[in-house]
Amino acid sequence: MKKFIACLILLSFALPSHAFFWNRKDKALEKELEGKGYAGTLPSLNDKIEKSKTKVSTPIFEAQEGFNDPSELKPVPKDNPAFIDIIQKKDKSSEYVNDANEIIPMLEKLVDCIDDNENVQLFVTKANLLTMNIDHLAEKYNGKPESYFESFRKLQEVNRYVKSIATLRREAVTYQRYLAYSTTGSIYNPENISQQLQYLLEELNTTILLLRDEN
């Protein structure tokens, strides 16, 4: 019992000093953590963050005066064959090509007519059908970009040959017997007509190949 009382007396003397020690330690820690972390007020970040500034971009290229003015724009060189044949070449697969392709069978029929040595009447009939369609093609595309195509010019050229030889053969049937002994009559003789037909045959085949190449 005496020992127990002695322990209580010692404990009463020790507690105040320990309490004072821990109290000072807690206050020092609180002061150290003041304004930091979750133990106190969060630190202000406004002073450490630079306010964003609106940046003004400048164009790399200088603006050209009148760029958007329609009156200042240069027209497309539609009358320049180089522009038509090179820049617009891809546009050939259009209505013109379809129209030109319809003429190919007529050219081939006239070729067969010459190869088979068919009579004048059949030759003139097929020649007239061909020239009628080429004339229609020329009327439709004359003055347009398609008129610069090589195939268009070739068709007009061969069209003149076909008309000329069809007229020659038609007149030969009528006038050959009367002009056989004159200088003018020599153009109607069979040998000259045969030479003209061979020349026309070469032109027809060349035109067919040209039209097929443009497809």
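Which percent of the Cα-Cα distances in region 92-213 go past 20 Å? Walk me through the numbers on the way to the answer.
Working: 3259 of 7381 pairs.
Roughly 44 percent, once rounded to a whole number.
In region 92-213, taking the dipole from charged Cβ atoms about the Cα centre, the farthest positive-side position among THR131, THR207, SER94 is held by THR131. Rounded to whole numbers, the Karplus 3J(HN,Hα) couplings from phi for region 140-148 are 6, 10, 4, x, 9, x, 4, 5, 8 Hz, using 6.51 cos²θ - 1.76 cosθ + 1.60 with θ = phi - 60°, and x at Gly and Pro.
Note on SER194/ALA138: beta-carbon distance plugged into 1/(1 + (r/R0)^6) with R0 of 25 Å gives a FRET efficiency of 0.30.
All of the numbers you see were taken from the coordinates with simple rules; none came from a lab. Computed from a prediction, not measured in an experiment: that's the story for all the values here. Heads up, the Cβs are rebuilt from the backbone with ideal geometry, glycines too, and the neighbour counts pull from every protein chain shown.
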